[in-house]
Each structure stands twice: as structure tokens, then as C-alpha cells.
């Protein structure tokens, strides 16, 4: 699924095998970013103090919150920051078990008439 209305959200993937988010955080240094989990929610935060740029000065701060699907293996969550400023957060999902069938024996009772 691609999202075009959120400029810093590049991609969200939620399929049967994995969950992932890609964010453009190119305005932040690695030490200005944090990724945390709490109660099934993922928090991505970035903050940098005031800096001068070609237009004056700017201070940036954002917090993005995501509800993680229950099928995500939270211990498998990883985050990586590329040198182009793309933060990638990925996780594996629990294997979906195939439905188990139980054979139920069919009992056959012959009906004998008592004439």
C-alpha cells in the first residue's frame, strides 16, 4: 500500500508475512530519532533544535503512532536508517496455521425390523 498524502510516509506494508514502514526522515540526524513500542503501538519520533537554513531558521518535531497488528512478532521489530535519510521499520508476522481437520467417524447402524 502506497500513501501519497503523507509526505514523509513513503510506504506501509502489511501482508501475511511481514509488516513494514518506510519514512523520509532526511531532516534529522540519527541521534535525533527514536523508535519505541508500548502496548501494541509503535512510536516514531524526531526532534531537532533550531537550525539555520537558506530561508532563515527552522526547528522540527514529529511523532508518528502506528497500531501494530496482533500477528506481528514484536521481538522481530527492527529499524534501519539509510544514508539517504529513509527510516525503515520491519517485522515478521506469526505463521498462520492451516485449519486442522479432525475426522469424525461415521457410525452405521443397520435397522432391523422386529416382525
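Can you work out which of the residues in segment 31-49 that are modelled with pLDDT of 95 or more and over 25 Å from residue 73 (Cα atoms) is surrounded by the most Cβ atoms within 10 Å (Cβ to Cβ)? Across segment 31-49, the extreme among qualifying residues is 32.
Output yes when any residue across segment 9-17 is surrounded by fewer than 10 Cβ atoms within 10 Å (Cβ to Cβ) and assigned to a helix (DSSP H, G or I), and no when none is. Within segment 9-17, not a single residue is surrounded by fewer than 10 Cβ atoms within 10 Å (Cβ to Cβ) and assigned to a helix (DSSP H, G or I).
Per the conditions (1) assigned to a strand (DSSP E or B); (2) within 19 Å of residue 8 (Cα to Cα), the sole criterion not satisfied by residue 50 is (2).
Here residue 70 qualifies as part of a loop (DSSP other than H, G, I, E, B) and within 13 Å of residue 19 (Cβ to Cβ). If I filter segment 77-115 down to residues being assigned to a loop (DSSP other than H, G, I, E, B) and surrounded by 10 or more Cβ atoms within 10 Å (Cβ to Cβ), which single residue comes out as modelled with the lowest pLDDT? This residue is 95.
Residues being surrounded by fewer than 12 Cβ atoms within 10 Å (Cβ to Cβ) and either more than 14 Å from residue 41 (Cα to Cα) or touching a strand residue (DSSP E or B) at 6+ places or on another chain (Cβ under 8 Å) (or both): count how many of those fall in segment 59-73. Of the residues in segment 59-73, 5 are surrounded by fewer than 12 Cβ atoms within 10 Å (Cβ to Cβ) and either more than 14 Å from residue 41 (Cα to Cα) or touching a strand residue (DSSP E or B) at 6+ places or on another chain (Cβ under 8 Å) (or both).
The values are calculated or read from the model by the stated rules, or taken from the named source; none is laboratory data. These numbers come from a predicted model, not from an experiment. Backbone-built Cβ (ideal geometry, glycine too); neighbour counts: all protein chains shown.
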